[in-house]
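Contents: one structure, followed by commentary.
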Number of protein chains: 2
Amino acid sequence: MGVAYFDVASSAPLHPVARQALQASLEEGWADPSRLYREGRRARMLLDAAREAAAEAVGCRPDELVFTTSGTRALYDGIAGALAGRRRVGRHLVVSAVEHSAVLHSAAAHERAGGTVTEVGVDRAGAVDAAAYAAALGDDTALACLQSANHEVGTRQPVAEVAAACRAAGVPLLVDAAQSLAWGPVEGDWSLLTASAHKWGGPAGVGFLVVRKGVRFAPQGPVDERESGRSAGFENIPAVVAAAAALRAVRAEAAGEEARLRELTERIRARVPALVPDVEVVGDPARRLPHLVTFSCLYVDGETLLHELDRAGFSVSSGSSCTSSTLTPSHVLKAMGVVSEGNVRVSLPWGTDAAEVERFLQVLPGAVASVRRKLGAPEAGAAEGAGGTAGAVTVDALGERCPQPVIELAKAIGRVRVGGTVTVLSDDEVAAVDIPAWCWTRGQEYVGAEERERGAAYVVRRRA
Amino acid sequence: MGVAYFDVASSAPLHPVARQALQASLEEGWADPSRLYREGRRARMLLDAAREAAAEAVGCRPDELVFTTSGTRALYDGIAGALAGRRRVGRHLVVSAVEHSAVLHSAAAHERAGGTVTEVGVDRAGAVDAAAYAAALGDDTALACLQSANHEVGTRQPVAEVAAACRAAGVPLLVDAAQSLAWGPVEGDWSLLTASAHKWGGPAGVGFLVVRKGVRFAPQGPVDERESGRSAGFENIPAVVAAAAALRAVRAEAAGEEARLRELTERIRARVPALVPDVEVVGDPARRLPHLVTFSCLYVDGETLLHELDRAGFSVSSGSSCTSSTLTPSHVLKAMGVVSEGNVRVSLPWGTDAAEVERFLQVLPGAVASVRRKLGAPEAGAAEGAGGTAGAVTVDALGERCPQPVIELAKAIGRVRVGGTVTVLSDDEVAAVDIPAWCWTRGQEYVGAEERERGAAYVVRRRA
């Protein structure tokens with residue numbers, strides 16, 4: 001059995017060009033680039049060359065770009081520095097609801113420190129509306145953050161429009177370009193940009209932080225003289241050389257790979273709903289990353305499905321609650337209002353063979369069916385098909401975890417007549433996301449939820 | 001001409017064992033260790049094994065140690081987390097005056113945020129006095145920091161005694177073990193420890209932060225779920241594997257190399273003062289790192305001397321002001337009260353050949369003499385030898401930079417009789433360090449300084 005790694009949005013294997021660059025610069029780039037002796041001068045030359053290459057790929061001046069130790073660190077330091085640089089303007093931060101957790105953690109820290117935060121919502125495809133984003137900007141807005149494309153569903157954000165609105169309002173826009181930078185520079189008149197090298201086949205340990213000239217920026221916390229005072233600690237030159245080389249390499253292949261991978265993800269988008277009953281493909285079908293596709297399978301436990309797929313040789317990830325250590329569903333899927341249960345994200349590495357995708361499409365239906373059987377899920381489409389007569393049914397799913405409350409709902413809906421209601425009692429917080437999302441997917445009416453002493457009662461009316 | 005890198009205290013070349021470990025784990029350790037699929041599980045296994053090995057070398061439990069992205073980051077986050085964890089006790093921080101700049105930058109940030117800081121001074125050898133350190137601890141002391149050994153002069157600090165005093169006072173002690181961890185675990189009952197892998201032949205991009213069980217610790221700023229919430233950002237597994245492997249490798253060689261390198265640095269300590277006139281070897285002659293020796297050459301410009309040595313094939317560093325971007329002399333030499341001009345730090349890598357050290361001892365006298373000639377420095381010992389008759393001489397060195405004010409002083413001292421004074425007018429702030437230190441070295445009396453509209457007037461009385 002072959003194995004296929006389909007989770008490049010988490011981390012990409014090292015690009016061969018990155019490996020070569022790393023090997024070479026391990027020999028030449030280990031010394032302190034601030035030293036004046038030959039080993040230091042060599043290290044400095046490597047660092048400068050890497051910065052030139054990275055800046056060219058980003059589309060900025062070399063002196064606007066510093067290397068950080070991760071994409072997360074670039075976001076932490078970029079957001080903190082930009083907020084502090086404009087503290088006199090105000091302490092208001094605008095972010096989208098579907099940003100990477102590093103942005104949301106920074107926003108939470110900013111609120112703990114007395115700042116204010118506005119989260120701009122997204123549509124069911126995961127995109128912000130540029131006008132709604134612009135409306136969130138105020139006189140006291142110090143900074144706005146928007147990802148170039150979403151890491152869980154692949155939807156591209158209207159960065160250029162939002163950047164124009166921010167420019168008009170005099171607010172700097174920070175773009176988290178982690179997921180898209182491999183495919184091309186970020187369009188529009190942004191002010192700050194961050195990225196993470198291990199997403200494009202560079203090594204771990206390298207982020208980019210770009211601050212355009214003229215943007216007020218005040219690095220926070222203790223600082224040193226490294227990287228223009230914007231990224232503390234000894235420079236990791238072999239890694240930044242490899243990161244820049246990998247970015248250049250993937251860019252050289254980008255046009256061809258983009259078309260090829262888009263066709264492969266299009267196959268998945270089109271065929272999964274036909275192959276697997278009760279599936280919702282999520283994310284924007286057109287304005288999206290070429291290599292990423294996400295879908296949610298009703299009545300499926302994400303962790304068990306991932307295990308099934310892993311056993312069949314496929315490594316994918318999931319935004320389902322049961323696959324995270326916090327037992328909460330992905331904030332992205334929640335903000336989009338889509339089903340979070342049985343969620344599967346497929347993100348194809350450069351060079352993925354079409355045959356691997358075909359094999360995935362062969363394996364997936366059986367894997368989903370097997371999980372559904374174990375959980376006692378309803379037969380495909382069987383639920384509403386049954387001729388129910390009851391006017392109101394109450395289902396007690398207290399103590400049961402995702403996806404059981406939705407499975408109970410799906411089984412009960414067939415027992416009520418059209419116009420009748422099913423009330424699901426559940427203390428699983430995922431139900432608050434998944435029951436409304438199930439209704440939307442199935443064309444049933446979500447009436448609402450009422451808090452109870454233990455959990456809540458979710459009421460659904462049968463429409464068809 | 002051979003070339004010799006004698007600045008391992010800045011950064012060590014990659015250890016062959018680290019290179020091997022890095023190569024292997026680049027293939028196996030690039031995936032996200034929090035993922036459940038095979039690539040994630042492999043990455044997790046490598047990360048766990050690296051942590052076990054690192055903890056064993058440190059002498060702590062694996063769950064007490066997290067990997068950070070640099071030694072600097074370990075210090076920033078370790079100090080901030082420990083201070084916040086004991087905020088209820090108070091906001092007083094104790095550090096030595098000769099800590100790494102990352103500690104002093106953290107202390108400065110703590111002061112800016114409203115905390116208080118006590119800097120414990122050192123003797124002329126660069127060591128803190130354990131009793132003086134203990135006296136600085138108060139009821140409101142949240143944290144104390146002490147390096148295991150100094151990075152510029154090699155002096156080992158009385159860590160075990162200070163740790164005992166801290167324990168008695170109920171104050172956690174953070175030990176910066178960056179310079180010594182290669183040679184062995186840190187003795188004593190410390191509470192937190194930091195280290196930096198590129199100092200022992202590991203790759204850049206890896207620090208250790210150890211927090212003993214029971215120590216109150218509250219990570220600051222935005223956090224994520226990586227590394228127990230104590231080190232944010234995607235784990236750099238190939239690098240941490242290589243770092244742990246390199247530490248294990250240098251420890252295996254430590255006993256033999258320690259004796260061998262100590263003998264080589266002993267040669268430098270003993271022979272430089274005999275080979276080069278007007279030199280002061282600094283740092284403790286006995287309680288010191290085996291591979292590091294530092295001396296200051298009077299009447300020499302550090303940057304020019306480093307260039308001469310670089311041309312002769314030797315890479316060394318300097319704490320002289322003219323070799324730093326800030327044009328201030330090393331805070332370590334300043335705190336010790338020793339001459340900072342013409343400062344040379346030699347730190348020998350593992351495996352340094354005795355022949356290289358011999359060649360350095362051959363080259364050094366000519367290099368120093370050449371710099372002195374260019375600067376018009378007094379002949380060796382000539383200064384006081386001349387029979388002066390004047391009662392008081394004033395030398396105008398305004399506008400001149402280190403080492404010129406001291407050169408002018410040395411030339412003038414021969415023109416006054418014993419008991420007479422030389423007044424040096426200087427606006428170079430280094431003079432405030434180097435003129436008193438010159439007096440101490442030469443056995444002359446430093447009377448004091450008086451501020452002037454421009455710079456200051458430094459008064460020296462001739463004793464002999």
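The values are calculated or read from the model by the stated rules, or taken from the named source; none is laboratory data. If you're wondering where the values come from, they're calculated on a predicted model, not measured in any experiment. Counting neighbours? That spans all protein chains shown, and the Cβs are built from the backbone with ideal geometry, glycine included. In case anyone asks, the SASA skips ligands and DNA or RNA and just uses the protein heavy atoms, side chains included. Shrake-Rupley method; radii C 1.70, N 1.55, O 1.52, S 1.80 Å.
Quick notes on this one:
- Two-decimal Rg/Rh across region A:262-345, once Rg and the Kirkwood Rh are taken from alpha-carbon atoms: 0.95
- FRET efficiency estimate (nearest 0.05) - Cβ-Cβ, B:A131 to B:W440, R0 22 angstrom: 0.40
- Carbon + sulfur, % of accessible area of region B:382-461 - ligands and nucleic acids excluded, 1.4 Å: 46
- Taking all Cα pairs closer than 8 Å and separated by 6 or more residues, the relative contact order of chain B comes to 16 percent.
- With respect to chain A, whose longest principal axis is taken over its alpha-carbon atoms, helix A:101-112 is tilted by about 80°.
- Going from the isolated chain to the complete set of protein chains, region A:224-243 loses at least 10 Å² of heavy-atom accessible area (1.4 Å probe) at A:D224, A:E225, A:A232, A:G233, A:F234, A:N236.
- All lysines inside 26 Å of B:K199 as judged from Cα atoms, apart from same-chain residues fewer than 8 positions distant: B:K334
- Region A:419-433 versus region B:195-244: alpha-carbon centroid distance in Å: 43
- Reachable lysines from B:K374, criterion Cα separation under 18 angstrom, eight or more residues apart if same chain: B:K411
- Spatial extent of the protein assembly as shown: Rg and Dmax, with the Cα atoms as the point set, Å: 32.2, 123
- Projecting the Cα atoms of B:A43, B:N343, B:H151 onto the dipole axis of chain B, where Lys and Arg carry +1 and Asp and Glu carry -1 at the beta carbon, places B:A43 farthest toward the positive end.
- Taking the chain by itself as reference, region B:193-218 contains these residues with an accessible-area loss of 40 Å² or more in the full protein complex (1.4 Å probe, heavy atoms): B:A204.
- Nearest 10 degrees, 0 to 90: helix B:302-311 Cα axis against chain B principal axis: 70
- The Kirkwood radius of chain A, taken over pairs of alpha-carbon atoms, gives through the Stokes-Einstein law at 20 °C and 1.002 mPa s a diffusion coefficient of 91 µm² s⁻¹.
- Share of carbon and sulfur in the accessible heavy-atom surface of region B:16-249 [1.4 Å probe, %]: 50
- Residues of region A:111-126 with amide N under 11 Å of a point placed 7 Å along Cα→Cβ from A:A169: A:118-120
- Spherically averaged projected area in nm², based on the convex hull that wraps the Cα atoms of region B:1-149: 13.6
- Calculated label separations, A:S370, copies of the chain, 7 Å along the beta-carbon direction, nm: 7.4
- Considering region B:212-308 at the alpha-carbon level, its Rg and Dmax are found to be 21.4, 58 Å.
- Within region A:278-322, all pairs of alpha-carbon atoms sorted by distance into 10 Å bins from zero give the percentages 24, 51, 24, 1.
- In the context of the full set of protein chains, region A:208-251 has a per residue accessible area of 36 Å² (1.4 Å probe).
- Interface area, A with B, accessible, probe 1.4 Å, both sides summed, Å² nearest 100: 4400
- Per residue solvent-accessible surface (Å²) - region A:42-119, probe of 1.4 Å: 38
- Partner shielding of B:102-109 amounts to 3, given as the average count of beta-carbon atoms from other chains within 10 Å of each residue beta-carbon.
- Look at where the Cα atoms of region A:141-188 and of region B:61-128 average out, and the two centres are 37 Å apart.
- What separates the B:R287 label point from its copies, with the point 7 Å along Cα to Cβ, is 6.7 nm, written shortest first.
- Taken over region A:1-59, the percentage of Cα pairs per 10 Å bin, counting from 0 up to the bin with the maximum distance, is 20, 34, 28, 13, 5, 0.
- Across the identical copies, the label point of A:G351 (7 Å from Cα in the Cβ direction) is separated from its matches by 3.1 nm, in order from shortest.
- Sites listed here are trypsin sites (Lys or Arg not before Pro) in region B:1-105 whose DSSP assignment is loop and whose Cβ has at most 16 other Cβ atoms within 10 Å: B:R87, B:R88.
- Using alpha carbons only, the radius of gyration of region B:382-461 set against its Kirkwood radius gives Rg/Rh = 0.93.
- B:Q20 versus B:D63: modelled label distance in nm, points set 7 Å from Cα along the beta carbon direction: 3.3
- Ratio of the Cα radius of gyration of region B:55-114 to 2.2 N^0.38 Å, where N counts its residues: 1.24
- Radius of gyration (Cα atoms) of region A:16-249, expressed as a multiple of 2.2 N^0.38 Å: 1.00.
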